[in-house]
1. Could you tell me whether VAL56 is closer than 24 Å to GLY32 by Cβ, at pLDDT 80 or above and within 16 Å of the chain's Cα centre (by Cα)?
2. Among the residues of region 38-57, write down those that are within 25 Å of ALA90 (Cα to Cα), open to solvent by 70 Å² or more (accessible area, probe 1.4 Å) and among the hydrophobic types (A, V, I, L, M, F, W, C).
3. What are the residues in region 85-117 that are at pLDDT below 90 and open to solvent by 100 Å² or more (accessible area, probe 1.4 Å), if any?
4. If you go through region 58-84, how many residues are open to solvent by 50 Å² or more (accessible area, probe 1.4 Å), without any contact (Cβ under 8 Å) to a residue 40 or more places away in the chain and not charged (D, E, K, R)?
5. Picking from GLY32, GLY27, which residue would you name as being surrounded by 12 or more Cβ atoms within 10 Å (Cβ to Cβ) and not acidic (Asp, Glu)?
Amino acid sequence: VLLVATSFALASGQPLSVSSESWASAGLAAVGGCLLMLGNLSMQRALLLGVPLTIVLPLQGSLTVVLGTSINYVLQPERSEPRRLFAGVAAFLVAIALSATAHVAHERQAANRRERRRRRRR
């Protein structure tokens with residue numbers, strides 16, 4: 001954060017001044033970056049455990065949008081339009097549910113096909 005602030009100050013030709021408000025913003029950005037890193041690590045762990053990519057990617061992307069939108073609304077409600085924001089959040093939640101439902105249905109069909117093949121071989 002300090003490197004970026006110093007680079008910006010040098011590029012703009014203005015002296016570096018850091019207010020408490022900018023430190024709060026920098027802290028929130030750092031926390032957000034840490035949470036994103038933890039999300040990526042959990043995605044890698046899920047893949048190592050055998051969770052299919054077709055489940056992990058839609059869930060991670062949708063949850064990132066849902067949580068990011070919700071947190072931004074909580075932090076700055078005066079700069080947001082709740083109807084639009086939460087209509088989009090609802091759409092992502094529906095997408096999560098539909099993706100999970102489609103995957104479960106596909107897995108059941110695949111299991112049924114395997115079972116029929118196994119029975120035919122006997």
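The values are calculated or read from the model by the stated rules, or taken from the named source; none is laboratory data. Because the structure is a prediction, the values reported are computed rather than measured. Please note: Cβ atoms are built from the backbone with ideal geometry, for glycine as well, and neighbour counts cover all protein chains shown. For accessibility, only protein heavy atoms count, side chains too; no ligands or nucleic acids. Shrake-Rupley method; radii C 1.70, N 1.55, O 1.52, S 1.80 Å.
1. Details: closer than 24 Å to GLY32 by Cβ: yes; at pLDDT 80 or above: yes; within 16 Å of the chain's Cα centre (by Cα): yes.
Criteria met by VAL56.
2. LEU38, LEU53, LEU57
3. LEU98
4. Counting residues in region 58-84 that are open to solvent by 50 Å² or more (accessible area, probe 1.4 Å), without any contact (Cβ under 8 Å) to a residue 40 or more places away in the chain and not charged (D, E, K, R) gives 11.
5. Working: GLY27 fails: surrounded by 12 or more Cβ atoms within 10 Å (Cβ to Cβ).
That would be GLY32, the only listed residue that is surrounded by 12 or more Cβ atoms within 10 Å (Cβ to Cβ) and not acidic (Asp, Glu).
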